[in-house]
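So the structure is just underneath, and the comments pick up after that.
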Amino acid sequence: MSMHKTAIITGVNGQDGSYLADLLISKGYRVVGLKRRTSSINTTRVDHLYDNPNFKMHHYDLTDGAAVMHILEKYKPDEFYNLAAQSHVAVSFEIPEYTSDGIAGGTLKILEGIRTVTPYTRYYQASSSEMFGDSKDYDPERGYNEGSRMMPVSPYAVAKLHAHHMTRVYREAYGLHATSGILFNHESPRRGETFVTRKITMAAARIRAGLQEKLTLGNLDAHRDWGFAGDYVEAMWLMLQQPVADDYVVATGKTHSVREFLEVVFSHAGLGDYTQYVDFDARLLRPNEVPYLLGDSYKARRVLEWEPKVDMPALARMMFDSDYESLYEKLRK
Ligand code: NAP
Ligand code: GDD
């Protein structure tokens, strides 16, 4: 019998999937990463694991229930991290049905698979602070916690709330070790290029290098509780090590506007006042917006003994430095 624990990660080639795969491999796990088929290669975030004997990749799509059954039967995983999603909130207004089929339907397919095939498998659901929407049900000093009212305002968040409750139902009805991590925004040098933080750090790097003049953005007044993805995947793992499954908010406890993020990046880049470089485009506004997110991760800090190590200014500088360095490397070649 293998001494290694086996973990399955859906969306392994995404930001979080790649950090989690690195973490689990470093802990001696055998990791089976699932990715959907795409016509272009998009595995750069996990390419460094390609030759690792403890890492394997399989094709899979959230909409394919039979594939989940086969994978569970084949690998009999100890842990299953469901990170795959159409994760862009603005895009979910354009393709609501696809977003919902994947997130809501896909989660249910996995939970049914675990219930019927490997009920001992510990399950992690990637829930989101976007589920709180604009409910305003928070202590102004501390922010939203696990008990705050959820009032989603996007198709993405409604689908995530469906998956969140389904995870709880499977925990309570069938005794599965099924946990939801309600994660606030987390970013990194591996962040997708269409999320606002990465869009800003990549543009600032190009402006600094003289390759671009302007950056076009939408709502600069939105506030987000931004943390570092590398810290947040540790919380995911800790959740599945608990004897009893439960839900946890993961956040830094500090919120900043998009404007403040811009200020930190442009000043760190030595470019000065960001307003000289930013254009507004109304097409980047959303039909509905979540104006303010602040998270209270007291429970995760107490029970999981987890804490974030990187604050927003350090995160913004880390992301800019990484983007500037890789641009510089490319230009040198
Ligand atoms: P990400 O970088 O967008 O990664 C999402 C992954 O899901 C990608 O590998 C993507 O594949 C895959 N995927 C998309 N549709 C799929 C489908 N139909 N079938 C199979 N795979 C599919 O997102 P992330 O930032 O790592 O976030 C991980 C999870 O946490 C997501 O569920 C997200 O909604 C949730 N979450 C994220 C945050 C955050 O701030 N990052 C906060 C709370 C919750 P492609 O590369 O081919 O698109
Ligand atoms: N993407 C984007 N692009 N956002 C912009 C832009 C722009 O050009 N201009 C302003 N924003 C604003 C958005 O309107 C939003 O208020 C804020 O910047 C953050 O947008 P995103 O970075 O796209 O993240 P998000 O908060 O909508 O969603 C992310 O966090 C959620 C957790 O709260 C995603 O990672 C979700 O998957 C995740 O669940």
Leaving ligands, DNA and RNA out of it, work out the accessible area of Glu146 with a 1.4 Å probe and give it in Å² to the nearest 10.
50
When only Cα pairs under 8 Å and 6 or more residues apart are kept, what is the percent relative contact order across the chain?
17
Report, to the nearest whole %, how much of the accessible area of the chain belongs to carbon and sulfur atoms, 1.4 Å probe, protein only.
51
For Thr44, Thr10, Thr38, give me the order by solvent-accessible area with a 1.4 Å probe, most accessible first, ignoring ligands, DNA and RNA.
Thr44, Thr38, Thr10
Using only alpha carbons, build the gyration tensor for the range 238-332 and give me the equivalent ellipsoid semi-axes, biggest first, whole Å.
33, 20, 13
Computed helical MRE - 222 nm, the chain, DSSP H runs ≥ 4 contributing -39500 (n - 2.57), nearest 500:
-11500 deg cm²/dmol
Considering only protein heavy atoms, with the full assembly of protein chains and a 1.4 angstrom probe, order Glu130, Glu234, Glu307 by accessible area, largest first.
Glu307, Glu234, Glu130
Accessible surface, per residue, of the chain when the full set of protein chains is kept, probe 1.4 Å, Å²:
46
Quick one: plug the Kirkwood hydrodynamic radius of the range 1-48 (C-alpha pairs) into Stokes-Einstein at 37 °C, 0.692 mPa s, and report D in µm²/s.
293
Please state the equivalent ellipsoid semi-axes for the range 35-122: what are the square roots of 5 times the Cα gyration tensor eigenvalues, largest first, in whole Å?
23, 20, 10
Count the DSSP beta bridges whose two residues both fall in the chain, then state the antiparallel fraction as a percent rounded to the nearest 5.
10
Over 24 Å apart: what share of the alpha carbon pairs of the chain falls there, rounded to a whole percent?
55
Run the numbers for Ala66 and Ser326: contour at 0.36 nm per residue of separation, minus the present Cα-Cα distance, in nm.
89.5 nm
Measure of exposure for Tyr120: accessible area at 1.4 Å probe, Å² rounded to 10, is 120
Using r as the Cβ-Cβ distance of Phe93 and Thr275, and R0 as 30 Å, what FRET efficiency do you calculate, to the nearest 0.05?
0.60
Which lysines, if any, have their Cα less than 18 Å from the Cα of Lys27, not counting same-chain residues under 8 positions apart?
Lys5, Lys56
Going by accessible area, probe 1.4 Å, with all protein chains left in place, what is the ranking of His70, His268, largest first?
His70, His268
Would you mind working out the magnitude of the charge dipole of the chain relative to its Cα centre, with +1 at each Lys and Arg C-beta and -1 at each Asp and Glu C-beta, to the nearest 20 Debye?
820
Taking H as built 1.01 Å from N, whose amide H comes closer than 5 Å to the amide H of Val310, not counting residues under 5 places away?
Phe228
Post the alpha-carbon centroid distance, the range 88-129 to the range 217-231, in whole angstrom.
23
Residue-span extension gain [His223 to Thr44] - 0.36 nm each, minus C-alpha spacing:
61.4 nm
For a distance above 14 Å, tell me the whole-number percent of Cα pairs in the range 103-188 that qualify.
64
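The values are calculated or read from the model by the stated rules, or taken from the named source; none is laboratory data. It should be emphasised that the depicted structure is a prediction, and the values quoted were computed from it without experimental measurement. As a convention, Cβ positions derive from the backbone with ideal geometry for all residues, glycine included, and neighbour counts pool all protein chains shown. Remember, those area values only see protein heavy atoms, side chains included, never the ligands or the DNA or RNA. Shrake-Rupley method; radii C 1.70, N 1.55, O 1.52, S 1.80 Å.
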